[in-house]
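One structure is given here, and the rest of the page talks about it.
Just so it is clear, none of the values below were taken in a lab; they were calculated from the coordinates. What you see is a predicted model, and the numbers here were worked out from it, not measured in a lab. Quick reminder, even Gly has a Cβ in these numbers, built from the backbone with ideal geometry, and neighbours come from all protein chains shown.
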Amino acid sequence: MKVTLRKANDRLSVYISKKDLEIDVIDCYKDENKFILKLSNGCELRITDDINPYEVKLPKTINVTKIGNV
């Protein structure tokens, strides 16, 4: 799924246009050479693109896969 990674007030957030939803990123870590974004609603998204969310110019549309939900 495509999402837009944004930065506001020095915090990362993910915008999902399909659902018109913006969710804060509370944690970001690397697992198996891919970055995982943990969202404030409990979901986890794996970035399938070969990027580092801290080193890319934002906003940026990226491909992610959902790997978890509470």
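Brief remarks on what is shown
- Estimated FRET transfer efficiency (TYR29, ARG6; beta-carbon r; R0 22 Å; 0.05): 0.70
- Cleavage-rule hits, chymotrypsin sites (Phe, Trp or Tyr not before Pro), the chain, DSSP coil, Cβ neighbours within 10 Å at most 13: TYR54
- Percent RCO, i.e. relative contact order, over the chain, from Cα pairs under 8 Å lying at least 6 residues apart: 31 percent
- Relative intensity of the chain on a log10 scale, I(q)/I(0) at q = 0.16, 0.28 Å⁻¹, equals -0.46, -1.64, per a Debye sum over C-alpha point scatterers of equal strength in the absence of solvent.
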